[in-house]
1. Work from the charge dipole of the chain (Cβ charges, +1 for Lys and Arg, -1 for Asp and Glu, about the Cα centre) and give the residue of F20, A116, Q4 farthest towards its positive end.
2. Test of understanding: given the chain, find the longest segment containing no chymotrypsin sites (Phe, Trp or Tyr not before Pro) that are in a DSSP loop and have at most 10 other Cβ atoms within 10 Å.
3. Can you run phi through the Karplus equation (6.51, -1.76, 1.60; θ = phi - 60°) for region 88-95 and list ³J(HN,Hα) in whole Hz, with x for Gly and Pro?
4. Does region 1-74 come out rounded, prolate or oblate by the C-alpha gyration tensor, with a ≥ b ≥ c the root eigenvalues, rounded set by a/c under 1.5 and, if not, prolate when a/b is larger than b/c and oblate if not?
5. Starting from the Cα-Cα distance between E115 and I45, subtract it from 0.36 nm times their residue separation and give me the gain in nm to one decimal.
6. P(r) tail for the chain, what percent of Cα pairs lie past 19 Å?
7. Among P109, P71, P40, which one moves the most in a GNM of the chain with springs linking Cα atoms closer than 10 Å?
8. Would you mind counting up the charge near A94? Only other residues with Cβ under 15 Å from its Cβ, with Lys and Arg at +1 and Asp and Glu at -1.
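Readers should treat all values here as calculations from the given coordinates under stated rules, not as data from a laboratory. Owing to the predicted nature of the structure, the values given are computational and were not obtained by experimental measurement. No Cβ is skipped: glycine too gets one built from the backbone with ideal geometry, and neighbour counts run over all protein chains shown.
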Amino acid sequence: MNYQNPISPAAVIVPGLAGFGVAVLVIAAMWQVFRKAGRPGWAAIVPIYNAYTLVKVAGRSGWWLLLLIIPLVNIVASLIVAIDVAKAFGRGAAFGVIGLWLFGFVGYPILGFGEARYLGPPGATAAAG
């Protein structure tokens, strides 16, 4: 019997390379976001610690990391963290929801490589003034 694979190697390689490219872009963008926020950029490549660092950039307690681990609760928690990160960079809640939560591969490069500056956690300026 002669079995032939109907899938071309290019059908696997091309999407794989595209996915790898997007992953590298997002990691580099997160690295820049963390650096702008005064955190170590290498945190972007360390699993779990990168989520902890993102929670701290958002101005939330480190305990929020646990909320990001609990199924279904993590959906709401990650949405809140995304909104807080957007506000920490002077952006609105809509940017947090659409740019960071739904389309993070677009939003994080905008924050990391764009002109956005880290202003601090959303409640820090109101509490200080």
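1. Farthest along the dipole direction, towards plus: A116.
2. Longest stretch, sites excluded: 64-129.
3. Calculated HN-Hα couplings, in order: 5, 9, x, 9, x, 5, 5, 5 Hz.
4. Oblate shape, in that a/c is at least 1.5 and b/c is the bigger or equal ratio.
5. Going from the current span to full extension adds 22.9 nm.
6. Summing the P(r) tail past 19 Å for the chain gives 52 percent.
7. So, out of P109, P71, P40, the one fluctuating most is P71.
8. Residues near A94 contribute +1 overall.
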